[in-house]
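Working notes for the structure below.
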Amino acid sequence: MSSAQNLAEKPKYKRVVLKLSGEVLRCSETGDPISWDTLRKICNQVKEIHQLGVQVCIVIGGGNIFRGLSGSTDQGVDRTTGDYMGMLSTVINGLAFMECLEKMGVQTRVQTSIPMNQVAEPFILRRAIRHLEKNRVVIFVAGTGNPYFSTDTTAALRASEIEAEVIMKATKVDGIYDKDPMKFDDAVRYDKLSYIDALQQRLNILDSTAFSLCMDNEVPILVFSLNDSDSIKRAIVGEDVGTLVS
């Protein structure tokens, strides 16, 4: 590989939290909660940035299996019970990621906020950091361990705790727009935004608790599309991908 290629692939970030919606795993054709093909494609991207020396943490939602808020609204499930069901859904997704990554030769550890010793390690901050230093991918599951908090908040909290350089939020669109690009052809994408601008324009980047955590602890948020096969790597090496809020 040429020196120019090596330079181009030098990571911009050393330690990141990758925030994924559980919905990205759903198989659109069959309706199955997990598309193994999609899972492998995402894990391939994680492996690529891991091989660049990036310390990677993953926070995955559980909406492909059960979403607590909608369950309490649509199915009459008690909100607290629904949130715990949603947290357990993230554990299933986290184990799927672990299995896929391990088969690709990437050492992985799953840490849970709800004790379940036969399934995953308990979340212990110093242990999580040690795993990262030993070149292992760490997957945080079961949210914060408390109802009424989203996985957005989990990502913001864990990123603050481990001193991640950025939260990489993968979505269906390629950044943050001034209005819904799915509805308006003249929607304008931002390259960069300040926290204050995002608040003033009421842009729904993360939920309010998560956004406040990021702003208070100065954790940048990079919103980008997961649709491209190499979007995670391109974002890591500092290409013009998505929108950076800082």
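Would you mind checking K10/K179; K41/K169; K14/K172 for any pair whose Cα atoms are more than 23 angstrom apart? Table pairs above 23 Å Cα-Cα are K10/K179; K14/K172. Listed values for region 217-233 are Karplus-derived 3J(HN,Hα) couplings in whole Hz (6.51 cos²θ - 1.76 cosθ + 1.60, θ = phi - 60°), namely 9, 6, 9, x, 10, 10, 9, 8, 8, 8, 5, 6, 5, 10, 5, 5, 5, and x replaces Gly and Pro. Normalising the average separation of contacting C-alpha pairs (under 8 angstrom, six or more residues apart) by the number of residues puts the relative contact order of the chain at 22 percent. With θ taken as phi - 60° and the Karplus curve 6.51 cos²θ - 1.76 cosθ + 1.60 applied, the whole-hertz 3J(HN,Hα) list for region 163-171 is 6, 5, 7, 6, 9, 9, 9, 8, 10 Hz, x standing for glycine and proline. Between M168 and V17, L18, K19, L222, the built amide H atoms are under 5 Å apart, and every one of these is 5 or more places off in sequence or on another chain. Sorting the segments 134-141, 161-168, 149-156, 111-118 by their residues' average number of neighbouring beta-carbon atoms within 10 angstrom, most packed first, yields 149-156, 134-141, 161-168, 111-118.
Sorting L125, L199, L244 from the fewest to the most surrounding beta carbons within 10 angstrom yields L125, L199, L244. Shown for S212, S89: other C-beta atoms within 10 Å of each C-beta, ranked fewest to most, produce the order S212, S89.
Gain on full extension, evaluated as 0.36 nm per residue between D230 and T80 minus their Cα-Cα distance, stands at 50.2 nm. For region 140-145, backbone phi angles converted through the Karplus equation (6.51, -1.76, 1.60; θ = phi - 60°) give residue-by-residue couplings of 9, 10, 6, x, 8, x Hz, Gly and Pro being listed as x. Short-range pairs are left out: with C-alpha atoms under 8 Å and at least six residues apart, the relative contact order of region 139-221 is 39 percent.
Amide H contacts for Q55 (H built 1.01 Å from N in the peptide plane; partners 5 or more residues away or on another chain; cut-off under 5 Å): R15, V16.
Ordering 10-17, 169-176, 31-38 by mean Cβ neighbour count within 10 Å, with the highest value first, yields 169-176, 10-17, 31-38. Once a ≥ b ≥ c are taken as the square roots of the eigenvalues of the Cα gyration tensor of region 110-163, is the result rounded (a/c under 1.5), prolate (a/b larger than b/c) or oblate (a/b not larger than b/c)? Oblate, because a/c is 1.5 or more while a/b does not exceed b/c. The distance between label points at R189 and R202 comes to 2.5 nm (points 7 Å beyond Cα on the Cα→Cβ vector).
Only the coordinates and a few stated rules stand behind these numbers; no lab work does. These numbers were taken from a predicted model, which means no experiment stands behind them. Using ideal geometry, Cβ is built from the backbone for each residue, glycine included, and neighbour counts are taken over all protein chains shown.
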